[in-house]
1. Starting from residues that are part of a helix (DSSP H, G or I) and either over 26 Å from residue 57 (Cβ atoms) or among the hydrophobic types (A, V, I, L, M, F, W, C) (or both), keep the ones in the range 5-15 and report whichever is modelled with the highest pLDDT.
2. Testing residue 196 on (1) buried (at least 19 other Cβ atoms within 10 Å of the Cβ); (2) under 21 Å from residue 166 (Cβ atoms); (3) modelled with pLDDT under 90, one condition comes back false. Which one is that?
3. With respect to residue 101, is the statement that it is closer than 24 Å to residue 226 by Cα and assigned to a helix (DSSP H, G or I) true?
4. If you go through the range 16-42, how many residues are open to solvent by 80 Å² or more (accessible area, probe 1.4 Å), at pLDDT 75 or above and within 47 Å of the chain's Cα centre (by Cα)?
5. Could you tell me which residue of the range 199-248 is modelled with the lowest pLDDT, considering only residues that are of a type in the set (Ser, Thr, Tyr) and open to solvent by 30 Å² or more (accessible area, probe 1.4 Å)?
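The values are calculated or read from the model by the stated rules, or taken from the named source; none is laboratory data. All figures in this text were calculated on a predicted structure; none of them were measured in a lab. With ideal geometry, Cβ positions are generated from the backbone for all residues, glycine too; neighbour counts draw on all protein chains shown. Quick note on the areas: whole protein, heavy atoms, side chains included, nothing else; ligands and nucleic acids left out. Shrake-Rupley method; radii C 1.70, N 1.55, O 1.52, S 1.80 Å.
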Amino acid sequence: MTDSTARKKADELTPEQVADYLRAHPDFFLGQDELLRSLTLPHESGRAISLVERQVHLFRAQRDTLRRELVELVSIARHNDRLFEKSKRLLLQVIEARSLSEAAAAIDDSIRGDFGLDAAAVLLFMDAPAAGTCQGALRVVSPDSARARLGRLLDSERAVCGQFRDEERAFLFPDRQDPVASVALVPLRHQGLIGVFAVGSCEPGYFDQSMGSLFLTYISDTLSRLLPPMLLKHMAATPGPATEERAH
């Protein structure tokens, strides 16, 4: 092959062919120190830099990106640790409660104080005579009443977050001076739907559908097993029409 033929074939090579060859032969530049020093690439500063300098620049950029991602992951892990500790304290207080009113107070105090939110509500679904029972953040309502007021929110298997309708917020958090603007609601399920657990914030964008709900689900799963027995015990100890009739 003559020099002119070789030059002609080299002129026919496309950038894509050169790139494909280098990908197929990643060790091509081994022992090509002089070639590496002679190759130059444009830089953001406007001056030409060697291929080695370009690689160093890319490695530094990758390092900085990885460092930012690591810092973000550590921050998320620390935030989750704090949420876990708060959730654990709340549930331990409910477990140690000696009455329904103590459990309700523990939920309200923890959500407002420890979690720094503005409102908490636990609604248990039960027909009369239990419906109408109110203990702080905990209320007993009839299933029909809850369905009429909350509707589609009760159909979800997961937490529902966002700015609920006025009538939904009023049903969950009645008699509030400062209106709740955004809500996270988690169904309480144990052998079926037995209620809902809801927390609220006065900030409109505090809760939205993009946020995670792992810890809310963890709390609600535990409350759905702890609270119904407490309610039955409370009803048995509280005189009512049925109890009075049996006494007569």
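1. The initial filter retains those residues of the range 5-15 that are part of a helix (DSSP H, G or I), namely 5-12, 15.
From what is left, the residues that are either over 26 Å from residue 57 (Cβ atoms) or among the hydrophobic types (A, V, I, L, M, F, W, C) (or both) are 5-12.
Details: 5: 56, 6: 52, 7: 57, 8: 54, 9: 58, 10: 55, 11: 62, 12: 75.
Going through the qualifying residues, I end up with 12.
2. (3)
3. Against the criterion (closer than 24 Å to residue 226 by Cα and assigned to a helix (DSSP H, G or I)), residue 101 qualifies.
4. So the answer is 6.
5. My answer is 243.
A quick yes/no check of all residues on (1) in contact with a Cys (Cβ under 9 Å, 6 or more places away or on another chain); (2) at positive phi; (3) part of a helix (DSSP H, G or I); (4) open to solvent by less than 90 Å² (accessible area, probe 1.4 Å):
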{"site": "53", "(1), (2), (3), (4)": "no, no, yes, yes"}
{"site": "72", "(1), (2), (3), (4)": "no, no, yes, no"}
{"site": "161", "(1), (2), (3), (4)": "no, no, no, yes"}
{"site": "168", "(1), (2), (3), (4)": "no, no, yes, yes"}
